[in-house]
Amino acid sequence: TELDNRDYSVLKTLEIMVGDDNGDMRFEDTITRAEFTKVATMLSSYRNSIALNQKTSPFYDVPYKHWAVGYIRAGVDNGIITGYPDSTFKPDNDVLYEEALTILLKILGYGGGSDFQGSYPYSQYSLANSIDLTEGVEAELGDFLTRKQVADLLLNALDTKIKNSNLTLYSNFNVQKYEEVILL
């Protein structure tokens, strides 16, 4: 299928998901909540406002010297990241499918008022399906996501229209996509 032949290089080119120090995307590995927060903030409109030299952390289990604290702070400050009821973030836990969907939906402008009809995580999953955010992603609610599944969600999100707009998330990068060609 078309999704089997996706070009993931756009994620590297736009510096959303760049891989490890050798550029290896490690698609078979799971992705932590901290790693997902980084790629999610790099996808968002506030990607250039990440303060990497934070002196405070929004969660007591994320030390201010943690490599992802700037991304986590930006996510919290912009309303796309929340922690757990016990005021923790659990940055080293693997990200759940429903957590990733909720964050991506918030980046796309959803999450207020009547956007989520019903209970968590079913309303988020239903909305994500209805806007094709989950297209080609083989995952179930409660699953920990692999880096490949996250890359597919990120590519889907880039192509998804922002709520109440004709723009997609590509607009965050000053690029245009025409007939499967991305102009930088």
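Every number in this text was worked out from the coordinates using simple rules, so none of it is lab data. Everything numeric in this text was worked out from a predicted model, so none of it was measured. Using ideal geometry, Cβ is built from the backbone for each residue, glycine included, and neighbour counts are taken over all protein chains shown.
Laid out as a table, the results:
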{"quantity": "Under the Debye formula (equal points on every Cα, no solvent term), log10 I(q)/I(0) of the range 110-172 at q = 0.17, 0.18 Å⁻¹", "calculated": "-0.64, -0.72"}
{"quantity": "For the range 124-141 versus the range 25-52, the gap between their alpha-carbon centres in whole angstrom", "calculated": "19"}
{"quantity": "Å³ per residue enclosed by the Cα convex hull of the range 44-98", "calculated": "92"}
{"quantity": "Those GluC sites (Glu not before Pro) in the range 69-173 that DSSP places in a loop and that have at most 13 other beta carbons within 10 Å", "calculated": "Glu138, Glu140"}
{"quantity": "Convex hull volume per residue in cubic angstrom - Cα atoms of the range 1-79", "calculated": "122"}
{"quantity": "Those trypsin sites (Lys or Arg not before Pro) in the range 17-113 that DSSP places in a loop and that have at most 10 other beta carbons within 10 Å", "calculated": "Lys55, Lys65"}
{"quantity": "Extent along principal axes [Cα atoms of the chain; Å; largest to smallest]", "calculated": "46, 42, 31"}
{"quantity": "Backbone N within the range 56-84 under 17 Å of label point (7 Å from Asp20 Cα along the Cβ vector)", "calculated": "none"}
{"quantity": "Inter-label distance for Lys55 and Thr168, nm, one decimal - labels placed 7 Å from Cα along Cα-to-Cβ", "calculated": "4.2"}
{"quantity": "For q = 0.30, 0.33 Å⁻¹, Debye-computed log10 I/I(0) when each Cα of the range 84-131 counts as one equal scatterer", "calculated": "-1.16, -1.25"}
{"quantity": "Hull shadow area, averaged, the range 64-150 [alpha-carbon convex hull, nm²]", "calculated": "6.3"}
{"quantity": "Of Ser9, Ser126, Asn48, farthest towards positive along the dipole that unit charges on Lys, Arg, Asp, Glu beta carbons give the chain", "calculated": "Asn48"}
